[in-house]
Structures are given as C-alpha cells and as structure tokens.
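Single-structure report; data block below.
The values are calculated or read from the model by the stated rules, or taken from the named source; none is laboratory data. Being a predicted model, the structure only gives us computed values, none of them experimental. Here Cβ is always computed from backbone atoms with ideal geometry, including for glycine, and neighbour counts include all displayed protein chains. Side chains included, ligands, DNA and RNA excluded: accessible areas come from the protein's heavy atoms. Shrake-Rupley method; radii C 1.70, N 1.55, O 1.52, S 1.80 Å.
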Amino acid sequence: MNATMMGREASSSPAARSRGAALDGTGTLIRFILRRERVGLPAWLLGLTALLALFLRALSELTATEEQRQDLYRIMSGSVGAIFGPGYGRDDITAERYVVGVYGLFFFVLAALMSMLLVARHTRAEEQSGRAELIRSGVVGRHASLTAALIVAAGANVLLALLLASTLTAYGHDGSDGLLFGASVGAIGLVFAGITAITAQITEYSRTAVGMAGAVLGVAWAVRAAGDMIRDYGSPLSWLSPLAWANQTRPYVDGRWWPLLLSLGLAAVAVAVGYSLSARRDLGAGLVAARPGAPAAAPWLRSPLAVVFRLQRSSLMWWTVALAASGLLVGGLGDQIADPVGMSERRIEIFGGSVDALLDGYLGMMALFLTVISGIMLVLGLQAVRGEEVEGRADPVLATAISRWAWLGSYLTVLSLGVVGLLLATGVATGLGTVLAGEDVSYVWDMALAFLGHAPGVLVILGVAAMLYGVFPRAIGVTWVLIGYSLFVALFGTVMDLPGWAMNLSPMEHTGRPPLDGTSWSGTAILLAIAVGLMVAGLAAFRRRDLETR
Amino acid sequence: MTTAIATTGLVKTYGSIRALDGLDLTVEAGEVHGFLGPNGAGKSTTIRVLLGLLRPDGGRAEIYGRDPWDDAVKLHRRMAYVPGDVELWPNLTGGEAIDLLGRLRGGLDPARRADLIERFALDPTRKGRTYSKGNRQKVAIVAALASDAELLVLDEPTSGLDPLMEVVFQDVIRQAKAEGRTVLLSSHILAQVEALADRVSIIRHGRIVQSGTLAGMRHLTRTTIEAETSRPATGLDLLPGIHDLEVSDGQIRFAVDGEHLGVAVRHLGEFGLRSLTSHPPTLEELMLRHYGDELAASASGGTGVLT
C-alpha cells in the first residue's frame, strides 16, 4: 500500500502533492470528532431548539393584547431596545417578531459560544494536552485537524439553522422567514468558528483562545448596541459588527438575505487567516510565547485557603467585573424600563404589582436574575475541583498535611466568600447605576442589601453541587438543571402563573424580592442552614470516598 | 529496627477487578525498598492506599503503626510523595508549585531546595503547562526531597528523566538514605533498583510474590556456572538442583539452585578445575522467573521460544 501511495504522489505535481498531503486524514478526524461529540453536540443543538420553543410559547402569552404589545414596544425602542437589537418590527409587534428581534440575541451568543468551544476543543485543546502529537504522527496532514474541526462546526451551524427554522414553522410562523432567522444565527456561528480558528493559533492555551474569541464577541455586541443607540434601526457604526448583519436580515419584517454575505465573507477571511497563521508555527506552540513567572511562591501562599484563592482568583475577578458591569447597566436603564406610561397589567404584575413601586419591582427582579447567574460561577468552581481530582493534581496536595476537609472546605469557603463579595459589588454597582440615572442615593445601600439577601439562595445551589461532589461526583452536572429552573422561575414564573409549590422548588424564591419587599430574614436563616447542611454532608461524604483519577 | 510500612492482606477491588489481592508488604525504617512489578500489577494502587487516597476493601495497612486512612494528615507530615505522572497547575510556575507542596506539608529547607533545583537543572520560572514530562517529574522530586520527610514514597519517580538526571536522582536517594530516611521506590527500571535498593518486593496480580534482600533472593535462584576441567566431569546430572547441563570438550555449563551451589562446585573440584566463572542472577532474571510464563504465553501462541 505504501508503494502505491508513493507512486501516486510522485506522479502528481508538487503543488497538488503538498495540498493533498496537508489535508490527509481529514475524513477520519471528522468521524473521530463526531464520535467524541456524540453527546455534547446534540445536547447543544436540542437545547437551543428547546429554548426557542420555550420562548415562543411564553411570548405568545405576552403578545396577546394590544396593551401588552404597546408595552413591548417600549422594550424594543430607545437605549433598552438597542441592547437587544436595532428594533425592526416594533411598530406592529407579533410573537415571532419579538422573539427574533429581542431574544434573537441569546441565540446569536449561544451559537457563537457553541462554535468557539467546538473549534477550540478540537484544535488547541488537543495540542495542549499532547494528544495532537500522537494524531499528527499518523498519516495526518498539517491542516487536517483544523479543517475537520471547522467542517464539523459548519455542519453544526447548518443543522442549528434548520432546527430553528423548523421550530418556528412548527409553531405556525412563516417557514422562509424562519429559515432566514436560522441562517442568521448559523452565520454568527460560522463567523465565530472562524475567529476561534485565529485565536487558537495565537495562544498556547485552549481557555485563552476561547476567552479571546469571547472578547471579540463582547466587543461586537458593544459596537452593535452603541451603533443602534445612535440611530434607530442601526447606524453605520452598527454595520461594523457581525452581530448587526444577523439583525439586519429583518426576518418577519421584510426579510433579506444579502447581509449574510458579509458574514460568510468574514468567516472565509477569518478561516484563511487561521490557516496561514497555523502554517507559520510549530505544533503545540503559540504565536505568543509563554512568559516566565515567579521562581518562588509569594510568602502569603502557604495555607490551603490561600492556594485555592490563588487558583480561583482570576475567575472570581472576571465574574465580579462582568456582573457588576451588568448591574451598572441594569440600574442605569431602570427609570426607562420602569416607566409606567403604556405598561401592561401583566408587566406591572411581573414587576411586583404596584404602579407606585415599578422601579423597585424591576430592580428586585433583576437582582434575583443576576444572582442566579452568579450561581453559574459556583457550579463551574466545583467542576474545577472535580478537574483537580480527576486530572491528578489533587493527589500530591492531599499527600501533604492537608486533610480532605481542609482541601474541599477551602474551595467551598473561597467560592462562598467570593460570591458574597460578587453580590455586594454587583449590588453597589446596580445602586450606582440607578443613582446616576437620577434616583436617590439610598439606592446604593438598598441594592447592596437586596443582592446580599439572595446570597443564601445561591449558596444552597453551591451546597447541592458540593453534596453531589461528595456523594456522586459524576453527577455534579445535575446542578445545571437547578440553575436553569431557578432562572426560568425568576423570569417567567409570574407570567406563566406557576403554582406555589413549583415556585418554591427554586431555592431563590424564599427570601422575597428586595428592594420591593423587605428581605425575609427567617427565610434567609433557613436557607443558610440548608446550604451549610448540604456542604457539610458533601464534605463528610468526600472524606469517606476514594479519590478518583483518570 | 522499627517498621515504617506494614500491610497485611490488603485487598482493593474495582468492580470485578481485584487490583490488590491480599498484599503483604513490609518496609523497615531506614531502608531503600524497591517495589517492582509490571504495569497494572497494583503498584500505584498500593501507594495510593498508603497515602490514604484510597480506602482498602480488606486487610490492614499501617505506617509507623498508624492507619493511613484515619491518620492521613498526621502521617503526611512525615511523608513525601512523588507521583509517576505529575500534573502541575497550568498557571503556576514550577517554583511556586514546589513551595506550595512543601509549605502544605509543613515547610521545606530553602538551601536544600536551591541545591536540588541546581542539581536537576530545573528552570523554576516556567509555567506548569510549558514543562515537558521530565521537567514536571523534576518539580515533584524537588518538592519531595527538599522537605524533611522521613518516609519518601516514590511512584516511578524518574519516568521521563534522561540518563544524566537518572544519575543525579540516584545520588540524591543515596544521600537521603545516608540521612536515615526511608524510601519506598516503585519502579520498573531494574538497574535503578539494583543500584539503590536494600530490599526488594516483587508484586504480581496484586500480591507480593517475593520479598527480601537482593542477595537473599539471588540465593533462592539459580547461579550460572561455566567451568573447564582437566578430566571430563561426570556425574553432575546426578546431583540435585542442576539444570540446563551442557558438556563439550571439557567445557561445562549449567545452572544451579542457590542452595546446591556448594555441592556442585566441590564436585567439579574433583575433576581438576582449570577455570571457573559464575554469574549471579540479575534482577532481570529474577523478574523473568516470575513473569516468564506470561511472556511465554504472549509470545506467538506458545511456540516454545521461552521455557
């Protein structure tokens, strides 16, 4: 077989040989990626499809009356509207226009995230772990793994477009506009697959590659939002952002396909840049060389608590910065969103039911929402603990004079204190935003207390994750269901008239919604006791089980 | 002499697999104890039980008379561990990792740390992710040996180290022994164990199949004798413990069980001994004796290459 291959190569031209050789093995790698993604990729695609179905169902209730549509008009216009999109179709709102024009942003971001993680996981992460070396020593071309990852990402985005289109069709909305919306989402996915193809060449670390692509996504959003704030339906500034192109297809208004040519063009350019950078570097190396660090540990780095803090530091910091920035925005836009003129009964109900305290009701709901989001940091934190154990870094630490209690307890302490600090900072930032928009200074204090009042609820989420980690560590992921459910109850619980017991299943619904109501201190105390109880149970179970390594 | 490590009838099962199947291991204080066996024999499982990371399903383990699971923290103050596959934190430097592990154990000797870093030619300023396998291994070795631990538990510590570093490692272990420390050295590099170990335990399928000093184990096994006699030697095949006898033109070659060596040599003397060479069994031969049947079974379906 070798002989025939060599014969064939010798007879072909040098250019054809090098091109063919660089892509050898792509087909096998695609099958290999699909095999590894057989759970993850379907979960992403079906999850996004289910999310769209959920939005369509919830919003058909919110767009039923003229009064409600007038109310939504306010959300889709002005600075608030610009956060989500340029606001096409707001003059005559329907459920599908609202989903596509406002909730479309969620799908853009999630499709970008799916593509970024997919490409980074099968290119840079493979090199970082050294597995790529083994693969590349086989009959596999230089560009095969990047090509395979990009082809799978492209396929996933095409599939996502079709799934979203058929969901819209299944709910009785126009099929061709549905396909246009699906394609707009998929185009964002393609663009960010291409951008990750670049960032994965620049840095040696998969997480940094995703972080850099995520930063591009953040900037793209900020540029689009700023551009749409300057002028209704978008200004020239908006058009600099790939997110704007997806909005500018105007599905369900007067759909047009040509803005997606820009997306395809950018994706193609990004992929080409990725290939040329990839050809310029060695396997495993980045374009940015790693810098040397401290030859000895800082003097304070001597207790398990300090070590865990050191390992979690950057994650805590970025989460706090991101949520505090969101809080500032939430507070600053409060007056505009809580303006009672033209607000529907339903929304007044969501914001607490009192026209005189709409701002407080709105702030209370956002405090709850942002607190549940901070729970994501806690679950990721415990998954990092699991990573330490499974990847073998816990072994040498637990072979020192550090007990299991001290090790896991340090993580729980750092995460608990970290989330309390995060909530305090976010509360103060939200209050400051409100004050900057012209409200009373007392909001700084009120919002700080409001966020802190939700801390016990989110600590119960940490407790559940800790308990699972101790008893059945493979099931930590179940905590995501709790987070998703709490988020759903916080946002739609009132709208969908969920029964009391269903609301009470969420750990976040027992301490009231300050600043509208006061914080329920008895609820706080009970939740705190439950959180501590769950963590102690997790610690005790962890002390009793074997340490698991790969 | 006190006992550092003692296990009796240790059992650890994973589902239907018995990783440890009644393991009895004794390590005396102050000795370097070689722990030999092929991959998957249970070396790492034993070590993780001794560190209190795994709880045995049966039997007892004691380190300095204490239970490694119940008294993990107390014992760990006196122990240092080098895993066979060192994983470091990607965003901490090697130097930071050394300090961290040392301090968590209760402190390390800065002079010794500096000396070890120099001897192993380790760059402590590099981030964990950028180290090669050998360099990650060096980080763990330096962290363990820079401590004052009396018991060093080393699980294939030099996998990935180059031969020059292997020499440095052997020096460092000899020095540790001279300081009176106890070393449990799991390895499958026979030369390393031969050079360092006072006593050796061979593990197979989760059991210790042989344990003792190298000299003692050699005594239990066969020595190869090559001799030349002035008169043709006869009657050797009638002696007990003689194997693989070959005689040609006064050249004699045979293997003899350790306990019958004296009788065999005395017998040869009666035929006018001109020259005599003896080869003590190497550790390799000892291992082959315990694992030889596995090799034979795997060697092309029993064509009888190895007997």
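Just a few scattered comments:
- Residues of region B:96-120 that are facing another protein chain (nearest Cβ under 7 Å) and part of a helix (DSSP H, G or I): B:Glu96, B:Asp99, B:Leu100, B:Leu101, B:Arg103, B:Leu104, B:Arg105.
- Considering residues of region B:177-188 that are of a type outside the set (Lys, Arg) and crowded, with 19+ Cβ neighbours inside 10 Å only, the residue farthest from B:Met79 (Cα to Cα): B:Ser187
- Candidate set from region B:194-238 (those that are on the phi > 0 side of the Ramachandran plot and among the small types (Gly, Ala, Ser)); member that is surrounded by the fewest Cβ atoms within 10 Å (Cβ to Cβ): B:Gly235
- Checked against (1) small (Gly, Ala, Ser); (2) open to solvent by 30 Å² or more (accessible area, probe 1.4 Å); (3) at pLDDT 85 or above; (4) not in a strand (DSSP E or B), B:Ala264 meets all criteria but (2).
- Tabulated pairs, region B:158-184, first under 15 Å from B:Gly34 (Cα atoms), second among the aromatic types (Phe, Trp, Tyr) and in a helix (DSSP H, G or I), C-beta under 8 angstrom, 6+ apart or interchain: B:Thr158/B:Phe169
- Sole exception among (1) touching a Pro at 6+ places or on another chain (Cβ under 8 Å); (2) facing chain A (nearest Cβ under 8 Å); (3) within 14 Å of A:Ala399 (Cα to Cα) for B:Thr125, by number: (3)
- 2 or more residues touching a residue at least 60 places away in the same chain (Cβ under 8 Å) and within 26 Å of A:Leu41 (Cβ to Cβ): qualifying helices (runs of 4 or more DSSP H) within region A:81-146: A:104-122, A:124-129, A:131-136
- Of residues in region B:129-160 being charged (D, E, K, R) and within 10 Å of chain A (Cβ to nearest Cβ), the one surrounded by the fewest Cβ atoms within 10 Å (Cβ to Cβ): B:Lys133
- Only one of A:Asp517, A:Asp497, A:Asp546 that is among the charged types (D, E, K, R), open to solvent by 10 Å² or more (accessible area, probe 1.4 Å) and within 14 Å of chain B (Cβ to nearest Cβ): A:Asp546
- Output for region A:289-303, where each listed residue is facing chain B (nearest Cβ under 9 Å) and open to solvent by 80 Å² or more (accessible area, probe 1.4 Å): A:Arg291, A:Pro292, A:Arg302
- Those helices (runs of 4 or more DSSP H) lying entirely in region A:201-284 with at least 3 residues within 14 Å of chain B (Cβ to nearest Cβ) and open to solvent by less than 50 Å² (accessible area, probe 1.4 Å): A:206-230
- Among the criteria (1) surrounded by fewer than 23 Cβ atoms within 10 Å (Cβ to Cβ); (2) at negative phi, the one A:Gly89 does not fulfil is (2).
- Annotation: of all residues in region A:385-403 being over 13 Å from B:Leu104 (Cβ atoms), open to solvent by 10 Å² or more (accessible area, probe 1.4 Å) and part of a helix (DSSP H, G or I), the one that is farthest from the other protein chains (Cβ to nearest Cβ) is A:Arg386.
- Cross-chain or 6+ apart pairs with Cβ under 7 Å, region B:233-257 first and under 22 Å from B:Leu286 (Cβ atoms), then assigned to a loop (DSSP other than H, G, I, E, B): B:Val256/B:Gly241; B:Asp257/B:Gly241
- Residue among A:Ala322, A:Ala306 that alone is assigned to a helix (DSSP H, G or I), of a type in the set (Gly, Ala, Ser) and within 11 Å of another protein chain (Cβ to nearest Cβ): A:Ala306
- Of the strands (runs of 3 or more DSSP E) lying entirely inside region B:1-68, the ones with 3 or more residues being charged (D, E, K, R) are found at B:17-28.
- Region B:43-60 - residue that is open to solvent by less than 40 Å² (accessible area, probe 1.4 Å) and within 19 Å of the chain's Cα centre (by Cα) and, of those, nearest to the other protein chains (Cβ to nearest Cβ): B:Leu51
- The residue list A:Leu459, A:Leu415, A:Leu422, A:Leu436 contains one member that is surrounded by 18 or more Cβ atoms within 10 Å (Cβ to Cβ) and over 17 Å from A:Ser315 (Cβ atoms), which is A:Leu459.
- Of residues in region B:239-250 being open to solvent by less than 90 Å² (accessible area, probe 1.4 Å) and part of a strand (DSSP E or B), the one farthest from B:Gly216 (Cα to Cα): B:Ser248
- Considering each residue of region A:84-94 in turn, at least one proves to be within 23 Å of A:Gly186 (Cβ to Cβ) and within 20 Å of the chain's Cα centre (by Cα).
- Scanning region B:61-73 for residues that are open to solvent by 50 Å² or more (accessible area, probe 1.4 Å) and within 14 Å of chain A (Cβ to nearest Cβ) turns up B:Arg66, B:Asp70.
- Restricting attention to region B:119-151, the residues that are polar (S, T, N, Q) and touching a Ser or Thr at 6+ places or on another chain (Cβ under 6 Å) add up to 1.
- Any hit, region A:42-55, residues being within 30 Å of A:Glu204 (Cβ to Cβ) and open to solvent by 50 Å² or more (accessible area, probe 1.4 Å): yes
- Test: residue in region B:271-279 that is within 20 Å of B:Thr223 (Cβ to Cβ), at pLDDT 80 or above and part of a helix (DSSP H, G or I): no
- Flag if A:Leu363 is under 26 Å from the mean Cα position of the chain (by Cα) and either within 14 Å of chain B (Cβ to nearest Cβ) or touching a residue at least 12 places away in the same chain (Cβ under 8 Å) (or both): yes
- Region B:12-42, subset within 14 Å of another protein chain (Cβ to nearest Cβ) and of a type outside the set (Val, Ile, Thr), residue surrounded by the fewest Cβ atoms within 10 Å (Cβ to Cβ): B:Gly15
- Counting the residues of region A:533-547 that are in contact (Cβ under 8 Å) with a residue 40 or more places away in the chain and not in a helix (DSSP H, G or I) gives 2.
Matching residues to (1) without any contact (Cβ under 8 Å) to a residue 60 or more places away in the chain; (2) farther than 14 Å from A:Val385 by Cα; (3) touching an Asp or Glu at 6+ places or on another chain (Cβ under 6 Å):
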| site | (1), (2), (3) |
| --- | --- |
| A:Pro473 | no, no, no |
| A:Ser486 | no, yes, no |
| A:Met503 | yes, yes, yes |
| A:Met508 | no, yes, no |
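- Count of residues meeting criterion [surrounded by fewer than 24 Cβ atoms within 10 Å (Cβ to Cβ) and within 8 Å of chain A (Cβ to nearest Cβ)] in region B:75-87: 3
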